[in-house]
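Here the structure comes first, spelled out in structure tokens, and everything after it is commentary.
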Amino acid sequence: MTIVEVVVSSLILTTIVLVVSSTVLDSQAFFAEEARLYSLDQSGRALLARVEQEIRASAASSILPLAISDSSFLDYQKAAGVNADGTIALGPLLRFSFELVPGEIADSVDNNGDGLIDEGTISWRDESGTARAIAANALGMRVNRAGSALHVDIDLAARQSDGRLVQRTYGQTVAPRN
Ligand SMILES: [Ca+2]
Ligand SMILES: [Ca+2]
């Protein structure tokens, strides 16, 4: 082999190695991205399933606000038994709500500099009156009336490995059973 042939063949080899390794890296990034989206979808669906279960078990008459339009919270009560006069006794006030994280205000600006605009958590207040976050990286919750049912949309975000944000909305229409 001449020097030129050696140089040319090693260039070709280097190019092949580079092409192959960048393809492998691309597909790894692709699968990592898909895995992250899948896990975001899992969280979104699990969260909606929980909201659905609670709304179904609630007493329709207890749901507030009455005139819901893109409400960022939902108050409800469940039937706790039957009163002596035959009316339904309601349990404690429960609440799903969207709460901004400390340091964020609702102004379409990323106040705390973490790359998310007006981010917060989905919070749930349980029977004991204690509110706790049940989902992080939330960008909003909207509750609307849909006839006798409610439609709930929740926006969740996740960050990809390259720093890019993906946002997805999970929605569900559900009616109280009683
Ligand atoms: Ca932020
Ligand atoms: Ca803000």
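When A60 is tested against (1) crowded, with 17+ Cβ neighbours inside 10 Å; (2) farther than 16 Å from D155 by Cα, exactly one condition is not met: (1).
For the range 68-89, the candidate set comprises residues that are surrounded by 12 or more Cβ atoms within 10 Å (Cβ to Cβ) and not small (G, A, S); within that set, the residue that is farthest from ligand 2 (Cβ to nearest atom) is I88. Can you find a residue in the range 134-145 that is over 23 Å from D41 (Cβ atoms), touching a helix residue (DSSP H, G or I) at 6+ places or on another chain (Cβ under 9 Å) and not charged (D, E, K, R)? No - not one qualifying residue is present in the range 134-145. Restricting D114, D153, D162, D107 to residues that are within 16 Å of ligand 2 (Cβ to nearest atom), among the charged types (D, E, K, R) and within 27 Å of E33 (Cα to Cα) narrows the list to D114. Scanning the range 90-97 finds no residues that are touching an Asp or Glu at 6+ places or on another chain (Cβ under 8 Å), at pLDDT 95 or above and either within 14 Å of ligand 2 (Cβ to nearest atom) or of a type in the set (D, E) (or both).
The values are calculated or read from the model by the stated rules, or taken from the named source; none is laboratory data. Keep in mind it's a predicted model, so treat the numbers as computed, not measured. Glycine also receives a Cβ, built like all others from the backbone with ideal geometry; neighbour counts cover every protein chain displayed.
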